[in-house]
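Presented below is the structure to which this report refers.
The values are calculated or read from the model by the stated rules, or taken from the named source; none is laboratory data. Everything numeric in this text was worked out from a predicted model, so none of it was measured. Because the Cβ atoms are built from the backbone with ideal geometry, glycine has one as well, and the counts that use them run over all protein chains shown. Side chains are part of the model used for accessible areas, which takes the heavy atoms of the whole protein and leaves out ligands, DNA and RNA. Shrake-Rupley method; radii C 1.70, N 1.55, O 1.52, S 1.80 Å.
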Amino acid sequence: DAGVIQSPRHEVTEMGQEVTLRCKPISGHNSLFWYRQTMMRGLELLIYFNNNVPIDDSGMPEDRFSAKMPNASFSTLKIQPSEPRDSAVYFCASSFADRVTEAFFGQGTRLTVV
Amino acid sequence: GESVGLHLPTLSVQEGDNSIINCAYSNSASDYFIWYKQESGKGPQFIIDIRSNMDKRQGQRVTVLLNKTVKHLSLQIAATQPGDSAVYFCAENRSGNTPLVFGKGTRLSVIA
């Protein structure tokens, strides 16, 4: 298995633009997590899904952020409109629902909003 | 508040020496405690976990110790190698299938 695949690896966009981050979890995993990493705040959970259903989105900063998981092999995180303070590395991770301690992370998407 | 934190932000060790990375936690109800390693430009990678009813668990070159009395977790790396240079995060899992809560991380630098 190729592991968790995220795209793009890097994204530079102008303030106000829409940004869509993509994630393909490991086949067979039924939990998917979106984290954001910054120097100041570390790794923060944004939202997670079990069996494609959003369970907890309390970590999503505000209404500008939205996430979907239309099927077991794909998820998106969208920011609209983007702001400079959204600049961070966004990680997607997946795991078996009964083994979340061993989550597998993607390489991350480094987002820069200018 | 409930959080997972770290005693030291950076740690430098000589190649071949043992490394000890420490972590303090405040949530007594957590079920599992976990260590992750993050190399530059990569996502975090699972190293080892320990259930709250244990006080020690060993893996390959790594040992995790849990002291529930003082709410302290440590990761010991034996014979540290240059490839061990990374940021190490402790994390907690409150119950079965809830997501991990990560601490801020400790950067380990191995001096050749």
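Residues of region B:14-52 losing 50 Å² or more of accessible area relative to the isolated chain, 1.4 Å probe, heavy atoms only?
B:44, B:46
Considering protein heavy atoms only and a 1.4 Å probe radius, which residues within region A:81-114 exhibit an accessible-area decrease of no less than 20 Å² in the full assembly relative to the chain by itself?
Buried-area filter returns A:91, A:97, A:99, A:100, A:101, A:102, A:103, A:105, A:107.
Can you tell me what percent of all Cα-Cα pairs in chain A are more than 21 Å apart?
29
Taking θ = phi - 60°, what integer Hz values does the Karplus form 6.51 cos²θ - 1.76 cosθ + 1.60 yield along region A:96-110, in sequence order, with x for Gly and Pro?
Each residue of region A:96-110 in turn: 6, 4, 9, 9, 5, 5, 10, 8, 9, 9, x, 6, x, 10, 8 Hz.
Per residue, how much accessible area does region B:1-94 have with a 1.4 Å probe, in Å²? Don't skip to the answer; put the middle values down first.
Working: 4620 Å² over 94 residues.
Per residue, region B:1-94 has an accessible area of 49 Å².
Scan around residue A:87 for amide H atoms under 5 Å from its own, H built in the peptide plane at 1.01 Å from N, and keep only partners 5 or more places away or cross-chain.
A:113
How much space per residue, in cubic angstrom, does the convex hull of the C-alpha atoms of chain B take up? Walk me through the numbers before you get to the answer.
Numbers: hull volume 11.0 nm³, N = 112.
Value for chain B: 99 Å³ per residue.
So which trypsin sites (Lys or Arg not before Pro) in region A:35-78 end up in coil per DSSP with only 12 or fewer other C-beta atoms within 10 Å?
Details: sites: A:36, A:41, A:64, A:68, A:78; in loops: A:41, A:64.
Sparse-neighbourhood loop trypsin sites (Lys or Arg not before Pro): A:41.
Using protein heavy atoms only (no ligands, DNA or RNA), what is the total accessible area buried between B and A, 1.4 Å probe, nearest 100 Å²? Don't skip to the end; give the middle numbers.
On the way: alone 6220 and 6430 Å², together 11070 Å².
The contact between A and B buries close to 1600 Å².
With every protein chain kept in place and ligands, DNA and RNA left out, what is the accessible area per residue of chain A? Probe 1.4 Å, answer in Å².
Working: 5630 Å² over 114 residues.
That works out to 49 Å² for each residue.
Can you give me the % of accessible surface on the protein assembly as shown that is carbon or sulfur? Probe 1.4 Å, all protein chains present, nothing else counted.
On the way: 5350 of 11070 Å².
Using a 1.4 Å probe with all protein chains present, the protein assembly as shown comes out at 48 percent carbon and sulfur.
First obtain the Kirkwood hydrodynamic radius of the protein assembly as shown from its Cα pairs, then insert it into the Stokes-Einstein equation at 25 °C and 0.890 mPa s, and state the resulting D in µm² per second as a whole number. Display every interim value, and only then the final one.
Values: Rh = 18.1 Å.
Approximately 136 µm²/s, per Stokes-Einstein.
Counting only protein heavy atoms, probe 1.4 Å: which residues of region A:41-70 lose 30 Å² or more of accessible surface in the full assembly compared with their chain by itself?
Residues shielded by partner chains are A:43, A:48.
I need the calculated FRET efficiency for the pair residue B:78 and residue A:74, taking r as the beta carbon distance and R₀ as 35 Å, to the nearest 0.05. If you can, show how the numbers build up before the last one.
Working: r = 41 Å, r/R0 = 1.17.
For residue B:78 and residue A:74, the calculated efficiency is 0.30.
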